[in-house]
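A short write-up of the structure that comes next.
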Amino acid sequence: TITLLGQNTNEIRHEDYQNTQKEKDDCNNVIYQITCKATGERYRGFTFARNRAFQKTAKIRWKLHVCQAKEPTRNGKLQQRIREYGDKGFIVEVLEVVRGKQAALTREKELIRELNPSFDMNEQSLRPRKRTQDKYVLNI
């Protein structure tokens, strides 16, 4: 489960989760897709792979998206749809596993460009990424 920081014991902070990423260009990254069942809208993103558990990695990232959607200041299309349809209204799938962070970012952008823009929930994905200081906790 994922909880807001400080609400549970035996916690792993989201910051610690982020800090476990290898900065080297030799780690695997999972490119995933989230599809809203009701609308067909899709979101594509990537995250570093936890060992070789690629599907589990995508599910963990999905849970973080769901947790972020609970914040009223998060108003992206994905967060809006999660609030509207709930976490059960989506399909999460692994599209590719790519070696290296820069290669994953490049491939993610290529895959986003392939989407029909009217269904694209990645409204700002082609802009440079800004690291946020999320305050989530993973209970694994």
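For residue 92, only one of the following conditions fails: (1) out of contact with any Phe, Trp or Tyr (no Cβ under 6 Å at 6 or more places or on another chain); (2) at pLDDT 95 or above; (3) surrounded by 13 or more Cβ atoms within 10 Å (Cβ to Cβ). What is its number?
Against the list (1) out of contact with any Phe, Trp or Tyr (no Cβ under 6 Å at 6 or more places or on another chain); (2) at pLDDT 95 or above; (3) surrounded by 13 or more Cβ atoms within 10 Å (Cβ to Cβ), residue 92 comes up short only on (1).
Is it true that residue 122 is under 16 Å from the mean Cα position of the chain (by Cα), over 19 Å from residue 49 (Cα atoms) and either at pLDDT 90 or above or open to solvent by less than 90 Å² (accessible area, probe 1.4 Å) (or both)?
Criteria met by residue 122.
Return yes when residue 107 is open to solvent by 70 Å² or more (accessible area, probe 1.4 Å), out of contact with any helix residue (DSSP H, G or I) (no Cβ under 7 Å at 6 or more places or on another chain) and within 20 Å of residue 26 (Cβ to Cβ) and no when it is not.
Spelling it out, it is not the case that residue 107 is open to solvent by 70 Å² or more (accessible area, probe 1.4 Å), out of contact with any helix residue (DSSP H, G or I) (no Cβ under 7 Å at 6 or more places or on another chain) and within 20 Å of residue 26 (Cβ to Cβ).
Out of curiosity, is residue 82 hydrophobic (A, V, I, L, M, F, W, C), crowded, with 19+ Cβ neighbours inside 10 Å and without any contact (Cβ under 8 Å) to a residue 24 or more places away in the chain? First the steps, then the outcome.
Working: hydrophobic (A, V, I, L, M, F, W, C): yes; crowded, with 19+ Cβ neighbours inside 10 Å: yes; without any contact (Cβ under 8 Å) to a residue 24 or more places away in the chain: yes.
Criteria met by residue 82.
The values are calculated or read from the model by the stated rules, or taken from the named source; none is laboratory data. Since we're looking at a predicted model, the values are computed, not measured. Note: ideal-geometry Cβ built from the backbone for every residue, glycine included; neighbour counts use all protein chains shown. Surface accessibility is based on the protein's heavy atoms, side chains included, excluding ligands, DNA and RNA. Shrake-Rupley method; radii C 1.70, N 1.55, O 1.52, S 1.80 Å.
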